[in-house]
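Student: Sending over a structure as structure tokens; questions will come in a sec.
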Amino acid sequence: MDVLPHLRRASLRALSALALAAAVLLTAAVAPVDAQSEADLDAVQDRIEEAEAEVQRLGGELEVSLEQLDAILAEQQARQAALTALNDELAAAEAELADRERTLAATTAQLESTAERLELTRGELDAARGEYEARVRQSYISARPGQSLPVLSAGDAADFAQATTYMEAIVSRDRVVYEEIDVLQARIAAAEEEFGRLRARQDDQRVAAAEERDRVARLVADQQELLAEVTAQAEDKRRVLAALEADRESAEALVSDLEAESAQIERELAAAAEQARRAAAEEATSETVGRGQSSEASASSPDPSGSGDATAADPDAGSTGGGGGFIIPVGGRISSEFGYRTHPISGTTRLHAGMDIAAAGGTPIGAAGAGTVIFAGWRGGYGNAVIIDHGRGVATLYAHQSRLGSTVGQQVSQGQTIGYVGTTGYSTGNHLHWEVRVNGSPVNPRGHM
């Protein structure tokens, strides 16, 4: 994975700090190999054992986390299958609702057509009623006392018969109109009943389809939420696995580095022993040759060491400064102090060997004090780094630089630019990781400011 989480950075920084401690010890060493080197060798071997134990422990954690990830992925697969089934069910419910909507639209059109016919029928009924009522009124007026119907005033029998036929036709027509009114009223009542029945049925069906759609939609939403949670768990577990794997790889690399350091110290011890053996042999030879020489020659002989120097070399010769009075190399917020903290995965306590100062990328980095640049280049998890020797066993390190601004062997003054802030190596953002070391061991920078 490209993302380097905080827990990975904390572990790698601590591991790299151990490796750097060994490298600085070797780089700055100028004294002959002696009993101190024997102690250093023992310490290195102890650290090798600790690092190997860390590799084994991290391997065990990896196995457990892989089992947990398998379980999470199985649950994720089950959730995905359930979600797929619910999505199919939701699609069916939405199709059913769409069908109900179409049916309701057709029924609504039918109802509108029925309503139009109902209005026409009502108009016909109103017209028939009006005509019938007009005839009844006319008949009533014609039958009032003191007046006679036109048919009764006819002059002969033929006229009377014709009038009678006319009256019978009127009565028959009125009867037909009356019957038509009854039919129309029945049709209106039936249409109104059908209208109400269709609307009630379609409304019920539409409501039922909408409720089913909403029910399945809620199930889908719940399943999606569960799937998202399981997916997030899987991603978290993958990140933990990546961090554990990185920690294990770093621990294995540290074992290799420490073993190489141990071999180097052993070679130095062997060379020192050989040099001591030769010196003893030369001294024995000199004593043999010197026997028989005159006391005057003996008195004028050179110093037994063969150096010809009257005084010892100044151990601080060439020193460029002391161990105090440092300035903070770059302006910015101190995001992490020197000290021990608990590793987020292993739970073990580890040392943050320096001070982290957050600053914009490209910000100039000044030397904390005057000294000589003894390293300038890539330094593993430290990225681009510069190490300055300030004399008397004090050195400072400036890590994660975007680019270097000094070279090995260069004499620098306090505040002089030696590089620029960046985020190279094991880093997730622009900052300066600054360390102060005394005889190779990291110490709190604040004690030298």
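The values are calculated or read from the model by the stated rules, or taken from the named source; none is laboratory data. Computed from a predicted model, the values in this text were never measured in an experiment. Neighbour counts are summed over all protein chains in view; Cβ atoms, including those assigned to glycine, are modelled from backbone coordinates with ideal geometry.
Student: What about Arg218, is it among the basic types (Lys, Arg) and touching a residue at least 60 places away in the same chain (Cβ under 8 Å)?
Tutor: Taking the combined requirement at face value, the residue does not satisfy it.
Student: I'd like to know if the range 375-388 contains one or more residues that are among the charged types (D, E, K, R) and within 18 Å of Gly332 (Cβ to Cβ). Please lay out each step first, then the result.
Tutor: To start, the set of residues in the range 375-388 that are among the charged types (D, E, K, R) comprises 379.
Filter again for within 18 Å of Gly332 (Cβ to Cβ), leaving none.
No, the conditions are met nowhere in the range 375-388.
Student: Of a type in the set (Asp, Glu) and modelled with pLDDT under 70 - does that describe any residue in the range 59-69?
Tutor: No, there is no match, as no residue in the range 59-69 is of a type in the set (Asp, Glu) and modelled with pLDDT under 70.
Student: Just to be sure, is Ala163 more than 60 Å from the chain's Cα centre (by Cα) and modelled with pLDDT of 80 or more?
Tutor: So Ala163 does not fit the description; no.
Student: Name the single residue, out of those in the range 68-106 being basic (Lys, Arg) and either touching a helix residue (DSSP H, G or I) at 6+ places or on another chain (Cβ under 6 Å) or within 30 Å of Arg248 (Cα to Cα) (or both), that is surrounded by the fewest Cβ atoms within 10 Å (Cβ to Cβ).
Tutor: The selected residue is Arg79.
Student: To continue, here is another question. Quick check: anything in the range 406-421 in contact with an Asp or Glu (Cβ under 6 Å, 6 or more places away or on another chain), modelled with pLDDT of 95 or more and farther than 23 Å from Ala246 by Cβ?
Tutor: Initial filter on the range 406-421 (in contact with an Asp or Glu (Cβ under 6 Å, 6 or more places away or on another chain)): none.
No: zero hits.
Student: Could I ask something else about it? Kindly provide the set of residues from the range 396-449 that are part of a strand (DSSP E or B), of a type in the set (Gly, Ala, Ser) and over 18 Å from Val330 (Cβ atoms), ordered by number.
Tutor: Ser441 - this is the single residue of the range 396-449 that is part of a strand (DSSP E or B), of a type in the set (Gly, Ala, Ser) and over 18 Å from Val330 (Cβ atoms).
Student: Another question about this same structure. In the range 107-136, what residues are surrounded by fewer than 12 Cβ atoms within 10 Å (Cβ to Cβ) and aliphatic (A, V, I, L, M)?
Tutor: Ala109, Leu120, Ala127, Ala134, Val136
Student: Strands (runs of 3 or more DSSP E) wholly in the range 319-358 with at least 3 residues that are at pLDDT below 85 and closer than 29 Å to Ser65 by Cα - which ones?
Tutor: 349-352
Student: Can you tell which of Val394, Val438 is hydrophobic (A, V, I, L, M, F, W, C), surrounded by fewer than 20 Cβ atoms within 10 Å (Cβ to Cβ) and either in contact with a helix residue (DSSP H, G or I) (Cβ under 9 Å, 6 or more places away or on another chain) or in the same structural domain as Gly361 (by TED's automatic domain parsing) (or both)?
Tutor: Val438
Student: Next question, about the same structure. Please state which of the following conditions Leu111 fails to meet, knowing it meets all the rest: (1) in a helix (DSSP H, G or I); (2) modelled with pLDDT under 75; (3) farther than 27 Å from Ala189 by Cα.
Tutor: (3)
Student: Among the residues of the range 54-67, write down those that are within 16 Å of Arg239 (Cβ to Cβ) and surrounded by fewer than 15 Cβ atoms within 10 Å (Cβ to Cβ).
Tutor: If the condition is that a residue be within 16 Å of Arg239 (Cβ to Cβ) and surrounded by fewer than 15 Cβ atoms within 10 Å (Cβ to Cβ), then Val64, Leu66 are the ones that fit.
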